[in-house]
Amino acid sequence: MDAQLWRGLSLLRILALAWSGALAVWIHVAGDYAHPERTWIVIAAMAGWTVVITRAQRTPAGRTWPWLGADLAVAVAGGVAPPTRRPTNRGAPGPHPGGRAGGAAQGAAAAPGRPPGR
């Protein structure tokens, strides 16, 4: 059972990498990146880490707290990295693919106490 959970985690990591890569291509084609080279560096780092951690977790020696802690540290570093997209104001409410929350969410954050979209 334990090995199945680690395989599931590896599969989730691979799917997240594929999704991130697809979003990066989509946004790159749309021309919304302020610094596209940074995005591809992050995608390459994600791919490299995916290979390293997936291979490590194939054996019980790789399924330890230090590996899990390193994996969490990499995930947090990726999550707090600044976005590389240009700020957009296309009038569409809601989050834009691959970016931080936008539209009504930004308006609500900028004007506390006001309903979103007003």
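A short reminder: the numbers here are calculations on the coordinates, not readings from a lab. Being a predicted model, the structure only gives us computed values, none of them experimental. Here the Cβ positions follow ideal geometry from the backbone for every residue, glycine too, while neighbour counts run over all protein chains shown.
If we count every other residue with Cβ under 13 angstrom of Trp6's Cβ, Lys/Arg +1 and Asp/Glu -1, where does the sum land?
Working: positive: Arg7, Arg13, Arg55, Arg58, Arg63; negative: Asp2, Asp71.
Cβ neighbours under 13 Å give a net charge of +3.
A cut-off of 5 Å between modelled amide H atoms, ignoring neighbours fewer than 5 places along the same chain, links Tyr33 with Arg86.
FRET efficiency for the pair Ala70 and Gln4, taken as 1/(1 + (r/R0)^6) with r the Cβ-Cβ distance and R0 = 22 Å, rounds to 0.50.
When the Cα positions of Ala47, Leu17, Pro60 are compared along the charge dipole of region 1-61, Pro60 comes out farthest toward the positive end, with charges on each C-beta of Lys, Arg, Asp and Glu. The slack in the chain from Trp19 to Ala77, taken as 0.36 nm per residue of separation less the alpha-carbon distance, amounts to 19.1 nm. Taken along the Cα-to-beta-carbon direction at a fixed 7 Å, the label points for Arg55 and His35 span 2.9 nm. Charge tally around Thr54: other residues with Cβ under 15 Å, Lys/Arg +1 each, Asp/Glu -1 each, net +4.
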